[in-house]
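The values are calculated or read from the model by the stated rules, or taken from the named source; none is laboratory data. Everything numeric here is computed off the predicted structure, so don't read it as measured data. Ideal geometry is used to build each Cβ from the backbone, glycine not excepted, and the neighbour counts take in all protein chains shown. These area figures cover heavy atoms from the full protein model, side chains too; ligands, DNA and RNA do not enter into them. Shrake-Rupley method; radii C 1.70, N 1.55, O 1.52, S 1.80 Å.
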Amino acid sequence: CRDDLRWVSAERIRDELLKLLEGPYAGEALQLLQRLGLLAFVLPELLPAADLLQAKPGGSLLHHLIATAAACPPDPVLRLAALLHDAGKPATRRVEPDGRVTFHGHEVEGERLARQACARLRLDRETTERVATLVRMHMAAGPELGRKTLRRWLGRFGRRWVHDWFALRQADHVASGHGPDNPWLEGLRRQLAEVLAEEQAFTLRDLAVDGHDVMRVLGIGPGPEVGRVLRGLLERVLEDPGLNRREILLPLIESLGRQDGEPR
């Protein structure tokens, strides 16, 4: 019973939850935990979601969260992020003067709740960052989301996170009752494939120059200035992958080594 769980360690609860989320019947298992009153004990961050009704299959936000997790590939960490992706909605719900219901900033509140849940479950730092960042950025959309953004995401988070983001967005789409077809996401997926096929620079390690080049060109020793210049070069390359050539980047080191227009 629920009272007995008070004596179970956070690590044991974590391990059992991750096993459940990895299984082929994760959705059904989560629904059963909810009916038994145990889901709110394991993830109290989801308790308000049961009372928030919305115009999606199942009626409640909690149903949508469970359906989204079930629609994800059987990766327990990805499914945990899916289960928490809209957890910030109850706290940010507002009725506007025109009658519209909004949830502005729910992804920020959701990230806070995700970090809280991960800390209580004693998840490691890498897993926590993966879950929290997916929750925070699950709403990313719009015309600005294209090749340049995908390059930056690959550099900042890596390929695994980017593929997780696609999987979460698709699962959210399906759980919202829209079916498997998602032309916007498929178009973006094609752009991702094109970006990956270019085999361009996504991280500092991929640049055609390194810290030794920066120190030699600027006549400086090791220090934060080297990192600043390298990051500046990477920003240029993310904007225009064609710049990642040694003969182009070496002159750029000189210009980036200036501050307020004065030589270093």
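Can you work out the PRE-style zone for ARG228? Point 7 Å along Cα to Cβ, and I want the residues of the stretch 236-257 with backbone N under 12 Å.
256-257
With Cβ to Cβ distances under 12 Å as the rule, what net charge do the other residues near LEU46 carry (K, R +1; D, E -1)?
Value of the local net charge: -2.
Using a Gaussian network model of the chain whose springs link C-alpha atoms within less than 10 Å, name the residue from VAL42, VAL217, VAL108 with the highest mean-square fluctuation.
VAL217
Using 0.36 nm per residue of separation minus the Cα-Cα distance, give me the extension gain between THR92 and VAL108 in nm, one decimal.
4.8 nm
Sorted from largest down, what three extents in whole angstroms do the Cα atoms of the stretch 78-230 have along their principal axes?
Taking max minus min along each principal axis of the Cα atoms, the stretch 78-230 gives 62, 36, 35 Å.
Pick out, in residue order, every one of the GluC sites (Glu not before Pro) in the stretch 117-185 that is DSSP loop and has at most 12 other C-beta atoms within 10 Å; say none if there are none.
Qualifying residues, ordered by number: GLU144.
Please report the accessible area of ASP210 (heavy atoms, 1.4 Å probe, ligands and nucleic acids excluded) in Å², nearest 10.
Roughly 70 Å² of ASP210 is accessible to a 1.4 Å probe.
Given the C-alpha atoms of the stretch 1-138, compute the convex hull and give its volume per residue in Å³.
102 Å³
If you average the sequence gap of Cα pairs under 8 Å that are 6 or more apart and divide by the length of the stretch 95-139, what percent do you get for the contact order?
Reported relative contact order: 44 percent.
Restricting attention to the stretch 14-113, which chymotrypsin sites (Phe, Trp or Tyr not before Pro) occupy a DSSP loop and are surrounded by at most 11 other Cβ atoms within 10 Å?
Of the chymotrypsin sites (Phe, Trp or Tyr not before Pro), the ones in loops of the stretch 14-113 whose Cβ has at most 11 other Cβ atoms within 10 Å are TYR25.
In bins 5 Å wide, starting from 0, what share of all Cα pairs of the stretch 119-177 does each bin hold, as a percent?
The percentages, shortest bin first, are 4, 15, 25, 26, 16, 10, 4, 1.
Multiply the residue separation of GLU239 and HIS178 by 0.36 nm, subtract the distance between their alpha-carbon atoms, and state the gained length in nm to one decimal.
The span from GLU239 to HIS178 would gain 18.6 nm if fully extended.
What span do the alpha-carbon atoms of the stretch 54-115 cover on each of the three principal axes, reported in whole Å from largest to smallest?
Largest to smallest, the principal-axis extents are 42, 27, 12 Å.
Any idea how far apart TYR25 and ARG160 come out in nm if each label point goes 7 Å out from Cα toward Cβ?
3.0 nm
According to the Kirkwood expression over distinct Cα-Cα pairs, how big is the hydrodynamic radius of the chain, in Å?
Value: 20.9 Å, from the Cα pair sum.
Using the basic label-point model (7 angstrom from Cα toward the beta carbon), what is the ARG12 to GLN116 distance in nanometres?
2.6 nm
Compute the FRET efficiency between ARG205 and LEU47 as 1/(1 + (r/R0)^6), taking r as their Cβ-Cβ distance and R0 = 41 Å, and round to the nearest 0.05.
Taking R0 as 41 Å, the efficiency between ARG205 and LEU47 is 0.40.
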